[in-house]
Amino acid sequence: MIDPLAVLARETGCTADLTSEHGRWELYQVSFGSLDLLYPALAREPDTALLTSVLLHVLERTDDHARWLELAPDEYAVRRSREIGVLRRAADLLSAEFDLAGWSDWLQLRLAQVPSRDLLTALAEGGRTKRIRRIAAATQKGWV
């Protein structure tokens, strides 16, 4: 049986030590452009924390979330998938859809850079952290 991790390393030219999670993380990072090769390698990843970390990065790069979530269907990854959906349609969100209390800091930070007047106002006034409020206000000033 062909080792998908070895195939991925060969195809990317990565020479990291694949016996350690640090080496595999290095390999996975250079593999985000080769998702077809990454999937079978990640499917055999024994370190669940590493698997979830890589999965979160992959979700930002693909529309096929269901397939990737099969690898690690934990609530954190599922939530990130939903939040990526919100982020992708951020410019079209209606005020009634704003969920500042339910949105994570990760999502709010990214939304604070979206050119949407109502969204930026909401985040500048009610974002969870001072950083989020500051970024939203700065984006709003630069965009208006």
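The values are calculated or read from the model by the stated rules, or taken from the named source; none is laboratory data. Keep in mind that this is a model prediction, so the values were computed, not measured. Don't worry about glycine lacking a Cβ; one is built from the backbone with ideal geometry, like all the others, and counts go over all protein chains shown. Surface accessibility is based on the protein's heavy atoms, side chains included, excluding ligands, DNA and RNA. Shrake-Rupley method; radii C 1.70, N 1.55, O 1.52, S 1.80 Å.
If R0 is 35 Å, what FRET efficiency do you get for R10 and D74 from their C-beta distance, rounded to 0.05?
Working: r = 30 Å, r/R0 = 0.86.
In this case the efficiency is close to 0.70.
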Give the average over all directions of the projected area of the C-alpha convex hull of segment 38-115, one decimal, in nm². 5.6
Carbon and sulfur atoms account, in whole percent of the 1.4 Å probe accessible area of segment 11-121, for 50
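Suppose every K and R has +1 on its Cβ and every D and E has -1 on its Cβ; what is the size of the dipole of segment 1-68 about the Cα centre, in Debye to the nearest 20? Each step should come with its number before you reach the end.
Details: 5 positive and 11 negative charges, 14 e Å.
Charge dipole of segment 1-68: 60 debye, to the nearest 20.
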Excluding ligands, DNA and RNA, what is the solvent-accessible area per residue of the chain at a probe of 1.4 Å, expressed in Å²? 56
Only helices counted: for the chain, with every DSSP H run of 4 or more residues adding -39500 (n - 2.57) and the sum spread over all residues, [θ] at 222 nm is -18500 deg cm²/dmol
Value in Å of the Kirkwood radius, where the chain supplies the Cα pairs that are averaged: 16.8
